[in-house]
Amino acid sequence: MLGTAWTAVRLFLRELMTYDIAVVGGGIVGLSFAMQATEQSAHLRVVVLEKEAGVARHQTGHNSGVIHSGVYYKAGSLKARLCVAGAREMVEFCAQQGIPHEVCGKLIVATNAEEAARLDELQARGVGNGLEGLQLLEREAMLEIEPHVGGVRALQVPSTGITDYAAVTAKYAEIATTRGAEVKTNAGVVGFDRSGSAVVVRTRAGDFTARYVVNCAGLYSDRVAQMAGDDPGMMLVPFRGEYYDLTPARQSLVRGLIYPVPDPLYPFLGVHFTRRIHGNVDAGPNAVLAFRREGYRFRDFDLGETMEVIRHAGFRVMARQHWKNGLAEFRRSLRKREFVRSCQRLVPEVRMEDMTPGGSGVRAQAVAADGALVDDFRFVGRERFLHVLNVPSPAATASLPIGREILKMVPAEIVK
Ligand SMILES: Cc1cc2nc3c(=O)[nH]c(=O)nc-3n(C[C@H](O)[C@H](O)[C@H](O)COP(=O)(O)OP(=O)(O)OC[C@H]3O[C@@H](n4cnc5c(N)ncnc54)[C@H](O)[C@@H]3O)c2cc1C
């Protein structure tokens, strides 16, 4: 009799302690989702589990801070759709919440005839994605916007902006918590146990029980999927992006954002000049294979993580195809002169002494088993889990629509 009552009490307590959704990862994507899930359903119990002592400590807090317009992405892709919507929403969100931002526009600068021809394609792609105000500029017109720019022709993209994504994420967290979500820091997820209709999420801060888990673990989302017993079908390869700061005396060389024409074979946009929302100007990021997923310095090395990359069949295929470019990136990382040379293609007056080492970030680049670089955003739902497996740039820009996209994929019985 006593035993039955005790079991009933235990079941009741477990039900009381069970979250509807546990979100793994307190970056911009996880917190956008938590904020919008608690808005849609006021009674939803959401907990965000973050391994660091605060939110936005990895990709979200180490990026270029650009609100991308959506000009680059393939028509019909999730990136194109969510970036164009996200840029508009990001500007509105920042304005409503008093977060510093500016729609400063950007120039994509062609430095030779071949790149100049690619600008026509980029413009057509941007128009197809719904962008307005795109303009091709010949040299004289370029100089009116950026008096120190090099190059022969440019595409002006007026809707591009800048903001501070760590501040945006802190605001998402604040709004989510006022709506009842809990954000637990120092709570790195180390495993999962499936238990009946729920999942026990094991973390460094204890166990949390949830009816559903949304994996937004950024650079580790493939690992978290494996912890859940799911095959992510890809591996996240870390690519470090290093920046140099322009010295204050030379910041007048750049008024806004100056980008190169991207190489269609690579997913990264190329070293660009960015006037940051807090006033400084930097150049970067390059794209150097990192020997640790959260390796922000050249010397950061993790044997296990490096071996895992080297053993991955897809990485080996990718390395065979792109080794020349990879070596060039290492050279540019080790030799400032090479880095400055790529900057001089965009702004010829910039000199070695004008640039000092700045910050860095590490991108999670998904590589499929056949060596293909996974381009579009990818979300995979399996039973009680939804894995956000590939949300590279422009995912900070697109974080609001991405959060809603994830919400649509959570089973209706969870988000009642
Ligand atoms: C150098 C660089 C420049 C970029 N520039 C731009 C830009 O200008 N504009 C733009 O829109 N996008 C840009 N991006 C892309 C953008 O920053 C990312 O797409 C976005 O931040 C991804 O957010 P996220 O929440 O998925 O990942 P993250 O911000 O990496 O968050 C994932 C979180 O999960 C946590 N975590 C990992 N494992 C665990 C675990 N086991 N348990 C608990 N927590 C865990 C991590 O600590 C982290 O806080 C850039 C990225 C980089 C690296």
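The values are calculated or read from the model by the stated rules, or taken from the named source; none is laboratory data. Since we're looking at a predicted model, the values are computed, not measured. Note: ideal-geometry Cβ built from the backbone for every residue, glycine included; neighbour counts use all protein chains shown.
Scan segment 309-321 residue by residue and report those that are part of a helix (DSSP H, G or I) and buried (at least 17 other Cβ atoms within 10 Å of the Cβ).
Val309, Gly314, Phe315, Met318, Ala319
List pairs: first residue in segment 54-78 and at negative phi, second residue near the ligand (Cβ under 6 Å from one of its atoms) and charged (D, E, K, R) anywhere in the structure, Cβ distance under 7 angstrom, at least six positions apart or on different chains.
Partner pairs satisfying both residue conditions: Gln59/Arg363.
Report, ordered by the first and then the second residue, all pairs with beta carbons closer than 6 Å, sequence separation of six or more or different chains, a first member in segment 167-178 that is within 17 Å of Asn63 (Cα to Cα), and a second member that is more than 13 Å from the ligand (Cβ to nearest atom) and hydrophobic (A, V, I, L, M, F, W, C).
Ala167/Ile99; Val168/Ile99
What are the pairs with Cβ atoms under 7 angstrom where one residue, in segment 198-220, is over 14 Å from Gly30 (Cβ atoms) and the other, located anywhere, is in a loop (DSSP other than H, G, I, E, B) and of a type in the set (S, T, N, Q)? Sequence gap at least six, or different chains.
Ala198/Thr18; Arg204/Asn186; Ala205/Asn186; Thr209/Thr18; Arg211/Thr18; Arg211/Ser197
Pairs please, first residue from segment 94-111 and farther than 15 Å from Tyr72 by Cα and assigned to a loop (DSSP other than H, G, I, E, B), second anywhere and at pLDDT 95 or above and among the acidic types (Asp, Glu), Cβ atoms under 9 Å, 6+ apart in sequence or on different chains.
Short answer, once both residue conditions are applied: Ile99/Asp164; Pro100/Asp164.
Residue by residue through segment 371-409, note down the ones that are under 23 Å from Ala176 (Cβ atoms) and of a type in the set (Asp, Glu).
Glu405
Looking only at residues that are more than 17 Å from the chain's Cα centre (by Cα) and under 13 Å from Cys216 (Cβ atoms) in segment 48-73, which one is surrounded by the fewest Cβ atoms within 10 Å (Cβ to Cβ)?
Here the answer is Lys51.
So in segment 216-237, with the set limited to residues that are within 20 Å of the chain's Cα centre (by Cα) and near the ligand (Cβ under 9 Å from one of its atoms), which one is nearest to Ile21 (Cα to Cα)?
Cys216
If you check Thr163 against the conditions, is it over 16 Å from Leu31 (Cα atoms) and not aromatic (Phe, Trp, Tyr)?
In short, yes.
Taking the residues in segment 48-77 that are polar (S, T, N, Q) and part of a loop (DSSP other than H, G, I, E, B) as candidates, determine which candidate is farthest from the ligand (Cβ to nearest atom).
My answer is Ser77.
Could you tell me which of the residues Arg332, Arg337 is among the charged types (D, E, K, R) and more than 26 Å from the chain's Cα centre (by Cα)?
After ruling out the rest, the residue left standing is Arg337.
Assuming Thr356 fulfils every condition listed in (1) within 12 Å of the ligand (Cβ to nearest atom); (2) more than 19 Å from Asp231 (Cβ to Cβ); (3) part of a strand (DSSP E or B) apart from one, which condition is it?
For Thr356, the exception is condition (1).
Take the conditions more than 21 Å from Glu294 (Cα to Cα) and either of a type in the set (A, V, I, L, M) or touching a residue at least 12 places away in the same chain (Cβ under 8 Å) (or both) and apply them to Gly361. Does it pass?
no
Looking at this structure, is Arg45 within 11 Å of the ligand (Cβ to nearest atom) and surrounded by fewer than 20 Cβ atoms within 10 Å (Cβ to Cβ)?
No; evaluated as a whole, the condition is false for this residue.
Determine if segment 227-243 includes at least one residue that is touching a helix residue (DSSP H, G or I) at 6+ places or on another chain (Cβ under 7 Å), among the hydroxyl-bearing types (Ser, Thr, Tyr) and buried (at least 18 other Cβ atoms within 10 Å of the Cβ).
Within segment 227-243, not a single residue is touching a helix residue (DSSP H, G or I) at 6+ places or on another chain (Cβ under 7 Å), among the hydroxyl-bearing types (Ser, Thr, Tyr) and buried (at least 18 other Cβ atoms within 10 Å of the Cβ).
Mind checking whether some residue in segment 327-349 is outside any helix (DSSP H, G or I), touching a Lys or Arg at 6+ places or on another chain (Cβ under 7 Å) and over 30 Å from Asp20 (Cβ atoms)?
There is no residue in segment 327-349 that is outside any helix (DSSP H, G or I), touching a Lys or Arg at 6+ places or on another chain (Cβ under 7 Å) and over 30 Å from Asp20 (Cβ atoms).
Report, by residue number, each residue of segment 78-93 that is within 13 Å of the ligand (Cβ to nearest atom) and crowded, with 22+ Cβ neighbours inside 10 Å.
Residues satisfying the conditions are Lys79, Leu82, Cys83, Val84, Gly86, Ala87, Met90.
Are there helices (runs of 4 or more DSSP H) fully within segment 130-244 with at least 3 residues that are under 27 Å from Ala366 (Cβ atoms) and of a type outside the set (Asp, Glu)? List them.
Ranges flagged: 165-178, 221-227.
Of the numbered conditions (1) under 30 Å from Arg45 (Cα atoms); (2) buried (at least 20 other Cβ atoms within 10 Å of the Cβ); (3) of a type outside the set (Ser, Thr, Tyr), Glu174 fails exactly one; give the number of that condition.
(2)
Given the structure, is Gln365 more than 16 Å from the ligand (Cβ to nearest atom), closer than 24 Å to Asn390 by Cβ, polar (S, T, N, Q) and not in a loop (DSSP other than H, G, I, E, B)?
In short, no.
Mind checking whether some residue in segment 181-195 is basic (Lys, Arg), touching a Pro at 6+ places or on another chain (Cβ under 8 Å) and either within 23 Å of Gly70 (Cα to Cα) or modelled with pLDDT of 95 or more (or both)?
Checked segment 181-195: no residue is basic (Lys, Arg), touching a Pro at 6+ places or on another chain (Cβ under 8 Å) and either within 23 Å of Gly70 (Cα to Cα) or modelled with pLDDT of 95 or more (or both).
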